[in-house]
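Engineer: Just passing along the structure, written as structure tokens.
The values are calculated or read from the model by the stated rules, or taken from the named source; none is laboratory data. It should be emphasised that the depicted structure is a prediction, and the values quoted were computed from it without experimental measurement. Every residue, glycine as well, gets a Cβ built from its backbone with ideal geometry; the counts of neighbours run over all protein chains shown. Ligands, DNA and RNA are excluded from the accessible area calculation, which covers all protein heavy atoms including side chains. Shrake-Rupley method; radii C 1.70, N 1.55, O 1.52, S 1.80 Å.
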Amino acid sequence: MADQDDDIVLSELNDEELVQQMHDDLYDGLADEIVEGTQILLERGWTPYDTLTKALVEGMRIVGVDFRDGILFVPEVLMAANAMKAGMGVLRPLLAETGAPKMGKMVIGTVKGDIHDIGKNLVGMMMEGAGFEVVDIGINIDVDTYLKALEEHQPDILGMSALLTTTMPYMKVVIDTLVEKGIRSDYVVLVGGAPLNEAFAENIGADAYCRDAAVAVETAKDWMSRRQGSALAST
Ligand code: B1M
């Protein structure tokens, strides 16, 4: 496919062809092409959010399907992930651009045993764009590291991400520890990641499940206004 792609001039493609080509380039892990395609869409007036969801996230969804079906393997998926991150690098300052007063603070990390970080990074970017201060503590985070970050940064929200069915139960370990320490109600706990759902979030005692980054922003705003409402009511 690479030889064939050498002849393609991205800027000469119409929007639909370009997005299709970007899905192919993401699949092939071509970071430079993804950066170029992202810039072209923005120059054509696409919003950062549409560029993100229609060109990058959709491309990654296709990669995920072929990974699941054994057509792609870890090294190829890693290349695709790197290309995705390169595109996100272009969008990051645009998504994080905001003149809004700070809405609140969130600490976010991917749980222990899990190194998937693209979704978490996206949530962080979109939250920053909505006016939240975001402290990203990374991947493979154990309960002690979450607790240390909560103590150090005193956020309003704890966000946890998990992409594996084997790692998502660890979210309960973190929440149970917050309960044991008597600090559960100090934080709004939001969880997300492809294998989760609302019932799971409820079962483990999280405040809400966020299907995607946009839902995470809306849910966080909603919880912040509820909290501010109850703080005002108690004064
Ligand atoms: Co992984 N992997 N992977 N992988 N990988 C999945 C998750 C998998 C579903 C693929 C598949 O089989 N179809 C499968 C899990 C199966 C399962 O558990 N049932 C899987 C597997 C099996 C594995 C390995 C075990 C493979 C192996 O080694 N044999 C291994 C595990 C490593 C580990 O973590 N210990 C592994 C490794 C990898 C790579 C390193 C190659 C790479 C990760 C690179 C990286 O992240 N830096 C990778 C990737 C890229 C994927 C897929 C293809 C794509 C994930 C992604 O980035 N999606 C994935 C397939 C899939 O999910 N369909 C897969 C794009 C991203 C924008 O979406 O992360 O869902 P997502 O985030 C969304 C929402 O979920 C939500 O908002 C985000 C933005 O809209 N959200 C939150 C996420 N976190 C949130 C937190 C919040 C709120 C919302 O807090 C408030």
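Engineer: Please report, in debye to the nearest 20, how large the charge dipole of the chain is about its Cα centre when each Lys and Arg carries +1 at its beta carbon and each Asp and Glu carries -1 there.
Structural biologist: Working: 18 positive and 40 negative charges, 321 e Å.
The calculated dipole for the chain is roughly 1540 debye.
Engineer: Leaving out ligands, DNA and RNA, what percent of the accessible area of region 39-95 is carbon and sulfur, probe 1.4 Å?
Structural biologist: Working: 1950 of 3010 Å².
Answer for region 39-95 is 65 percent, counting heavy atoms of protein chains only.
Engineer: Could you do me a favour and compute the accessible area per residue for region 46-117, 1.4 Å probe, result in Å²?
Structural biologist: Values: 3660 Å² over 72 residues.
Accessible area per residue: 51 Å².
Engineer: Now for a different question. What FRET efficiency, computed as 1/(1 + (r/R0)^6) with R0 = 25 Å and r the Cβ-Cβ distance, is obtained for Asp15 and Lys221, rounded to the nearest 0.05? Write down the numbers at each step before the final one.
Structural biologist: Values: r = 31 Å, r/R0 = 1.24.
E(calc), rounded to 0.05, equals 0.20.
Engineer: Something else now. Running a GNM on the chain with Cα contacts under 10 Å, which residue among Glu17, Glu58, Glu198 ends up with the highest mean-square fluctuation?
Structural biologist: Glu17
Engineer: Let me ask something additional. Leaving out same-chain residues fewer than 8 places away, which lysines sit with a Cα under 24 Å from that of Lys148?
Structural biologist: Lys102, Lys105, Lys112, Lys120, Lys172, Lys181
Engineer: Under 5 Å between amide hydrogens, which residues at least 5 positions from Ile141 or on another chain qualify, with H placed 1.01 Å from N in the peptide plane?
Structural biologist: Sorted by chain and number, the residues that satisfy this are Thr110, Val111, Lys112, Gly113, Asp114.
Engineer: Arg61 to Lys85: extension gain in nm, 0.36 nm per residue of separation minus the Cα-Cα distance? Write down the numbers at each step before the final one.
Structural biologist: Values: separation 24, 0.36 × 24 = 8.64 nm, distance 1.43 nm.
Stretched fully, the Arg61-Lys85 segment lengthens by 7.2 nm.
Engineer: For the chain, calculate the relative contact order in percent as a whole number, restricting contacts to Cα pairs under 8 Å that are 6 or more residues apart.
Structural biologist: Normalised by residue count, the contact order of the chain is 15 percent.
Engineer: Here's another thing I want to ask about it. What angle, in degrees between 0 and 90 and rounded to the nearest 10, separates the Cα long axis of helix 118-129 from the longest principal axis of the Cα atoms of the chain?
Structural biologist: Between the helix axis and the principal axis of the chain, the angle is about 70 degrees.
Engineer: Another question, if that's okay. How far is helix 31-43 tilted off the main Cα axis of the chain, in degrees rounded to 10, range 0 to 90?
Structural biologist: 80 degrees
Engineer: Of all the stretches in the chain, which is the longest one without any exposed loop site, taking trypsin sites (Lys or Arg not before Pro) in a DSSP loop (any state but H, G, I, E, B) with at most 11 other Cβ atoms within 10 Å? Present the calculation step by step, with values, prior to reporting the outcome.
Structural biologist: On the way: sites that count: Lys102, Lys181.
That gives 1-101 as the longest site-free run.
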